[in-house]
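Q: Please see the structure below; I have some questions.
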């Protein structure tokens with residue numbers, strides 16, 4: 001009795017061993033005599049189920065299907081997992097690895113989008129095994145990590161995915177599919193709690209005969225070594241500066257109006273060019289900043305790692321541009337005349353930026369400092385996506 005799929009789309013076919021005497025064998029031979037199976041089957045073709053209306057004798061079609069299966073597995077599924085799994089806390093989170101996964105996924109979805117612009121399905125004019133695998137791999141992404149603002153760049157992929165998951169055959173398995181509204185936050189990896197050892201049954205103490213007390217021998221107390229003082233930060237050994245960094249940070253935080261007249265003027269009144277130095281920084285790889293929230297996370301991670309300089313530094317980081325690729329530029333105030341060595345040693349992000357010392361005798365550079373402190377928009381003719389302050 002035919003199944004519903006067979007009734008609607010024709011029989012489900014299986015490519016397998018060729019048989020002598022079959023009227024439509026893959027080898028193309030025809031026999032009018034009774035069917036005789038070979039004693040040793042020919043397994044030269046790997047069995048692949050071709051759903052609905054694909055002609056199993058078309059080896060080119062079969063090759064296309066297998067190519068798309070590989071694409072769905074190696075380009076879509078792999079990169080979705082490389083993005084999602086570390087955020088779920090199942091692997092160590094590394095920002096450069098996540099950025100590579102997102103870039104690779106966007107490249108793959110772009111290629112898929114181009115193909116689907118002129119094709120309803122991946123191969124032919126009906127659903128094949130390639131479509132089933134591709135949809136299942138996209139399902140993980142859409143339901144877990146691919147938010148609307150990300151997938152909207154690939155409208156043909158969206159149309160393809162929602163068309164298939166709303167087919168009755170898919171709904172029976174996947175149920176109602178909803179797209180995630182947010183990217184999962186980065187999970188902190190916690191060590192699994194060790195199981196507690198079962199309580200040992202209390203032993204009944206036997207009464208022991210009391211022995212006469214032995215005279216106590218006075219113990220010689222070992223002299224404890226005094227803790228060694230922590231080595232001072234080299235910046236603490238610099239000559240005192242007339243600029244008190246905390247006063248500037250308070251002025252910056254408390255100024256809500258007339259920022260130029262109050263905060264900027266106050267900064268230059270406090271600034272001590274002998275005790276502090278100003279530095280511009282420009283991210284070296286702005287062409288890679290193609291995803292807004294990844295770029296913002298990158299800057300946020302940099303500021304977190306700069307926390308060891310909080311006593312000696314003030315910084316502004318600007319993410320510039322209304323469309324990708326976004327530019328990342330910054331302004332930093334450091335104690336001393338050079339970027340502190342312990343910062344260069346401890347914060348790996350420092351080498352990702354080009355650093356230029358500000359010449360405050362140059363009015364153009366001085367005005368650029370003012371614009372960055374103030375979050376002036378537009379900045380150098382471009383819109384600001386975000387501005388972050390380290391204080």
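Taken together, the values in this text are just the output of simple stated rules run on the coordinates, not laboratory data. Everything numeric in this text was worked out from a predicted model, so none of it was measured. Positions of Cβ are backbone-derived with ideal geometry, glycine not excepted, and every protein chain shown enters the neighbour counts.
Q: What is the fewest-to-most order of 126, 182 by other Cβ atoms lying within 10 Å of their Cβ? Kindly include the intermediate steps, with their values, before the conclusion.
A: Details: 126 14, 182 8.
The fewest-first ordering by Cβ neighbours comes to 182, 126.
Q: Taking the Cα atoms of the range 239-390, report the difference between the largest and smallest coordinate on each principal axis, in whole Å and largest first.
A: 43, 37, 28
Q: Against the empirical 2.2 N^0.38 Å scaling, what ratio does the C-alpha Rg of the range 246-320 come to?
A: The value comes to 1.33.
Q: Given 0.36 nm per residue, what is the gain on full extension from residue 272 to residue 388 after removing their alpha carbon distance, in nm? Don't jump to the answer; show the numbers that get you there.
A: On the way: separation 116, 0.36 × 116 = 41.76 nm, distance 2.37 nm.
Gain on stretching residue 272 to residue 388: 39.4 nm.
Q: Report the FRET efficiency, 1/(1 + (r/R0)^6), for residue 61 and residue 114, where r is their Cβ-Cβ distance and R0 is 25 Å, rounded to 0.05.
A: Numbers: r = 20 Å, r/R0 = 0.81.
So the FRET efficiency works out to roughly 0.80.
Q: I've got another one for you. Please report how far the C-alpha centroid of the range 295-362 lies from that of the range 73-107, rounded to the nearest whole angstrom.
A: 27
Q: Once every Cα of the range 112-187 carries one equal point scatterer and solvent is ignored, give the base-10 log of I(q)/I(0) from the Debye formula at q = 0.19, 0.20, 0.25 Å⁻¹, two decimals.
A: Relative scattering, expressed as log10 I(q)/I(0), comes to -0.80, -0.88, -1.26.
Q: Measuring from label point to label point, each 7 Å out along Cα→Cβ, what is the residue 311 to residue 162 span in nm?
A: Distance between label points: 5.6 nm.
Q: Here is a follow-up. Please report the orientation-averaged projected area of the range 322-391, defined via the convex hull of its C-alpha atoms, in nm².
A: Numbers: hull surface 23.1 nm².
Taking a quarter of the hull surface, the average projection is 5.8 nm².
Q: Mind giving me the nanometre distance, one decimal, between the label points for residue 365 and residue 153, set 7 Å out from Cα along Cα→Cβ?
A: 3.6
Q: Can you tell me the length gained on complete extension of the stretch residue 304 to residue 341, counting 0.36 nm per residue apart and subtracting the Cα distance? Can you show the working numbers first?
A: Numbers: separation 37, 0.36 × 37 = 13.32 nm, distance 1.79 nm.
Here the answer is 11.5 nm.
Q: Still on this structure, please answer the following. Quick one: compute the contact order of the range 239-390, relative version, from alpha carbon pairs under 8 angstrom and 6+ residues apart, as a percent. Each step should come with its number before you reach the end.
A: Details: 215 pairs, mean separation 45.5, N = 152.
Relative contact order of the range 239-390: 30 percent.
Q: If Rh is defined by the Kirkwood formula over all Cα pairs and Rg also comes from Cα, what ratio Rg/Rh do you get for the range 59-174? Mind dumping the intermediate values first?
A: Numbers: Rg = 14.3 Å, Rh = 14.7 Å.
Result: Rg/Rh = 0.97.
Q: Peptides 369-376, 84-91, 114-121: what's the order by average Cβ count within 10 Å, highest mean first? Could you put the intermediate results ahead of the total?
A: Values: 369-376: 17.9, 84-91: 15.9, 114-121: 13.6.
Peptide ranking by packing, descending: 369-376, 84-91, 114-121.
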